[in-house]
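See structure below.
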Amino acid sequence: MTTLTHLQRLEAESIHIMREVVAETDRPVMLYSIGKDSAVMLHVARKAFHPAPPPFPLLHVDTTWKFREMYAARDRLAAEPGIELLIYRNPEAVELGINPFTHGSAVHTDLWKTQGLKKALDRFGFDVAFGGARRDEERSRAKERVFSFRTAQHHWDPKNQRPELWNLYNTRKHKGQSIRVFPLSNWTELDVWQYIHLEKIPIVSLYYAKERPVVERDGALIMVDDERMPLAPGERPALKRVRFRTLGCYPLTGAIESSADSLPAIIREMLAARTSERQGRVIDRDGAASMEKKKQEGYF
Amino acid sequence: MTGAADSMPQDVADYLSAQQRKRLLRFITCGSVDDGKSSLIGRLLYEAKTLLEDQLAVLADESRRIGTTGGELDFALLLDGLSAEREQGITIDVAYRFFATERRKFIVADTPGHEQYTRNMVTGASTADAAVILVDARKGVLIQTRRHSFIASLLGIRHVALAINKMDLIAYSQERFTQLCREYRAFAESIGLVEVTCLPISALQGDNVTVASERTPWFDGPTLLEFLETVQIDEDRLQRAPLRLPIQWVNRPSQDFRGFAGQVASGVLRRGDAVRIGPAGTQSVVTRIVTRDGDLEQAVAGQSVTVCLREEIDVSRGDVLSHPDSAPAAADEFEATVVWMHEQPMLRGRSYLMKIGAKTVTATVMPLKYKINVNTLEHLAATRLDLNEIGVCDLELDRAVAFDPYAQNRATGAFILIDRVTNYTVGAGMLRFALRRSQNVHWQATDVDQAGRARLNGHQPCVLWFTGLSGAGKSTIANLLEKRLHALGQHTYLLDGDNVRHGLNKDLGFTDADRVENIRRVAEVAKLMLDAGLIVLVSFISPFRNERRMARSLVGDAEFLEVFIDTPLALAERRDVKGLYQKARQGQLKNFTGIDSPYETPENPEIRIDTTSVGADEAALEILRELQRRGIVAGE
């Protein structure tokens, strides 16, 4: 008797989901956010279709406000053989010069990410988009299906989801409808870190602790990643040993003080950690049910 | 996956190696809000230290504002994921929760307890290895407990924990606990749930949830968590089952490589194995089991792999790989249990898309056999299935699929039904068995025929179909007639309704649907005997015209004689030889013909016997004369 570990079962399930999408839909795409969940998702995709490369492109919906190191990692990946990486920036947000400082995090996220994603999918004609979201991240995710349908306007209707039984996924959709597919639905944050460790998956070094210049804003440590970050008169970035549990736009991503500079150290810190990873995300604090609201509006 | 051996602190190394051995259990919790189900899961998450500080802070805040536990942490709030339901205080769907202990990782499917229950619970149960069924110790085993248990059993869950909650409110009474266990076990056994563990708990106080309670010293069983950490994971059983690998996708990146990708549903596949590809039945040999981490010598149930075969044979999505000596059957007509999941009812004659494994076919719904009252488990006649109803029907597919009965293999016996217009998943089903009519059963030509047998017998065969109320005198007259025919040297056989129900039809009840099946089977048997050259006397109430018509068309009009034993209800009831009318009047017998189930009088029987004017002997003679008149039996 060979027993499969929980990670082996999670991996096999994710592979099954990805193959279903490729076998049954026309134009899938994998959303690539450069974070650890994207890294795991891409790693699993490579396994699912080996020896072929993943038979779909990656899509990065850019906001122009990611960490510089994320852009470097993205561009390295784009240069790898067998990888087709598309980059999309919402022209409206480009034109209006949307940024989190003058427009606030809500408008910034809506125009760059929510509207940007919708426009990107429409522009390229993708009918299915893989996302790295997990059900343990946030309460409204716990009830979202693995195959989550969006109207032609990209709206999510949580009360009208299709029942999902066994491993039989119904991928049929109407013209104009699209599907968000979450192959990592059943993974937890700890699973993701363990998997990265076991599989030696490269991740952006922002996840590892290092001395970085930060300022404190509303109780969050924000890294001053480039000269666009406005400083108050007399404000000086302080060098602190910090790392990030989650990555996004640098002005909206809080760092934690940490000395964990290796995967085992991160995992050890996690085991002792008493806060959830989304805590570092400024957008989640916009309102009690903010993620659910954003999703209904089309945020991934 | 291989472990990394970087230099790392010993505690983390130990931790990671423990993690590597950790296995996954999926379970479902069933019970209504009042049973304390959400509180129980909340407590499991809390005690497993899955809740983090910021989540706890939000929880504490919400407990104060909208909680129902007087300011204490209200774990139920934790599980109400969507804001709409938080406001209404109800959960509307299936939510999945995650926690882990030293030994296992758990995925909990949490389903709400209101009217959408059946749909949601079926969804949650479809992937569960075990079920935790909650009852309130004060209320005991309720109708809903039976419903939860039935659905768990229907969906193939083999291990059940009955968590008798709120023990604190009955002063941890051992007597009450023992009584509830006994009551539940008797019921569980009757629906095929044998692996039952009963636990006395208090979700609110934490008794026997993760720690053995001092307040139940009389209880020596496991805590709920110990149960979850040790209960058998279904995957172990699946590995011992015959090999099934449904092919999801054909991987053909170049001329040099052609692999078949899929997740092993059951059994073990080894390199070098001879395999059969169903439903076509072609055979080949596995040359490679490919993964990105290197080729494997073997793959077991649960693994996603890519397989290369020796021959260039046609294999496509939806085919199923198996070993040649334990291949799944292929068929295009099934009897199936269907759970309906949509407001628009399932209707007879309608066709739906059916996804089974990686195959999607068209399935047409044939007449419903019955639906099941999930509260009483009664079988009821039905012509449609409404939302949240469960029924048994025949399905006719547009092509054959490889399958196993669901009870043997969940992966190859489960299917969903999809509406072609709305694309909604409208039904979920479990295959029971393939129907005889299936195209894979071919007729075997034989040389000796009915006419030849009739010549040898010296008489023509026929079917005499006696119909009439219970106690009308059918069996008495048929018996007398058979004696007379026998004395004349005729080859006969008497099929009696009561007798057949002891054997061939002992699985059938007295609902309308079962009566239909009862008649169908008897008509088929009569037809075989007719073919064998016999004079077949069938003595069955057969109350419905439709079914007598079916029997007639099965047997053939020319050789079918309907004999109506016409006895008025009042007279039959007065005789009441078997005491059945009395029972029916007292309500002890349901669906009794003439009392609460109709008898449809034959319109044009070949022979009608009025028992108010002729005796049984006289009636038998009358029928014999008719047979002679028709030239079936030689005249005197």
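Derivation of every value follows stated rules applied to the coordinates shown; laboratory data play no part. From a predicted model like this one, the values you see are computed outputs, not experimental measurements. Cβ sites come from the backbone with ideal geometry, for glycine too, and all protein chains shown count toward neighbours.
General remarks:
- Tensor-based shape of chain B (alpha-carbon gyration tensor, a/c under 1.5 rounded, otherwise prolate or oblate): oblate
- Cβ-derived FRET efficiency at R0 45 Å, A:Met1 paired with B:Arg453, nearest 0.05: 0.20
- Proximity of backbone amide H atoms, modeled 1.01 Å from N, is registered between B:Thr127 and A:Trp166 at under 5 Å, excluding neighbours fewer than 5 places apart on the same chain.
- Extension gain, B:Glu297-B:Asp256: 0.36 nm per intervening residue step, less the Cα-Cα distance, totals 12.6 nm.
- Look at the Cα gyration tensor of the range B:491-636: its axes a ≥ b ≥ c give a/c of at least 1.5 with a/b at or below b/c, and that counts as oblate.
- Theoretical FRET efficiency, 1/(1+(r/R0)^6), r = Cβ-Cβ of B:Leu347 and A:Asp122, R0 30 Å, to 0.05: 0.20
- The range A:145-153 - phi-based ³J(HN,Hα) in whole Hz, Karplus 6.51/-1.76/1.60, Gly and Pro as x: 6, 5, 9, 10, 8, 10, 5, 4, 8
- Taking the DSSP beta bridges with both ends in chain A, the antiparallel portion is around 60 percent.
- Annotation for the range B:452-487 versus the range A:1-22: alpha-carbon center distance of 63 Å.
- Taken one residue at a time, the phi angles of the range B:419-434 give Karplus couplings (6.51, -1.76, 1.60, θ = phi - 60°) of 6, 5, 8, 8, 6, 7, 7, 9, x, 10, x, 10, 6, 9, 6, 7 Hz. Gly and Pro are set to x.
- Residue-wise HN-Hα coupling along the range B:15-31, computed from phi with Karplus coefficients 6.51, -1.76, 1.60 (Hz; x: Gly, Pro): 4, 5, 6, 5, 4, 5, 8, 5, 10, 10, 10, 9, 9, 10, 10, 10, x
- Compared with the direct C-alpha span, the chain from B:Glu311 to B:Glu524 gains 72.2 nm at full extension, assuming 0.36 nm per residue.
- Between 0 and 90 degrees, the angle of helix A:189-199 with respect to the longest Cα principal axis of chain A falls at about 80 degrees.
- Counts of other chain beta carbons within 10 angstrom of each beta carbon in peptide A:166-177 average 6.
- Chain B - mean residue ellipticity at 222 nm from DSSP helices (-39,500 (n - 2.57) per run, n ≥ 4, rounded to 500): -9000 deg cm²/dmol
- Take the Cα of B:Arg237, step 7 Å toward its Cβ, do the same at B:Leu377, and the gap between the two points is 1.7 nm.
- Cα centre as origin, Lys/Arg/Asp/Glu Cβ charges: the protein assembly as shown dipole, Debye: 620
- For B:248-258, mean number of other protein chain Cβ atoms within 10 Å: 4
- Helix axis angle, A:68-78 relative to chain A longest principal axis, alpha carbon, degrees: 30
- Of the residues A:Tyr71, B:Tyr15, B:Tyr581, the one with the fewest other Cβ atoms within 10 Å heads the list, and the complete ranking is A:Tyr71, B:Tyr15, B:Tyr581.
- Sequence of B:Ile372, A:Ile179 once ranked by neighbouring C-beta atoms within 10 Å, starting from the fewest: B:Ile372, A:Ile179
- Between B:Gln20 and B:Asp386, the modelled label-to-label distance comes to 5.7 nm, taking each label 7 Å out from Cα in the direction of the beta carbon.
- Built amide H within the under 5 Å cut-off of A:Phe130, gap 5+: A:Val29, A:Met30, A:Leu31, A:Val181
- Averaged over the residues of A:52-63, the number of partner chain Cβ atoms lying within 10 Å of the residue Cβ comes to 1.
- Cross-link partners of B:Lys37 among aspartates and glutamates, defined as those whose alpha carbon lies under 14 angstrom from its own and excluding same-chain residues fewer than eight positions apart: B:Asp74, B:Asp80, B:Asp110, B:Asp136.
- Each helix, a run of at least 4 DSSP H residues, gives -39500 (n - 2.57); summed and divided by the residues of chain A, these come to -9500 deg cm²/dmol at 222 nm.
- Axis angle, to the nearest 10 degrees, between helix B:616-629 and the longest C-alpha principal axis of chain B: 80 degrees.
- Take the Cβ atoms of A:Tyr88 and A:Ala23, set R0 to 25 Å, and the FRET efficiency comes out at 0.45.
- Residues listed by number, the range B:299-343, amide nitrogen under 15 Å from B:Val285 label point at 7 Å toward C-beta: B:308-313, B:324
- Neighbours of A:Tyr88 by Cβ distance under 10 Å: Lys/Arg scored +1, Asp/Glu scored -1, total +2.
- Among B:His148, A:His155, a tally of other beta-carbon atoms within 10 Å of each Cβ gives an order, fewest to most, of A:His155, B:His148.
- Close amide H pairs (under 5 Å, H built 1.01 Å from N) link B:Arg384 with no residue at least 5 positions away or on another chain.
- B:Ala186 paired with B:Leu621, simple spin-label distance in nm, labels 7 Å along Cα-to-beta-carbon: 5.6
- Straight-line cross-link reach from B:Lys578 at under 18 Å between alpha-carbon atoms covers these lysines, not counting any fewer than eight positions away in the same chain: B:Lys474, B:Lys590.
- Overall form of the range A:78-165 per C-alpha gyration tensor (a/c, 1.5; a/b vs b/c): oblate
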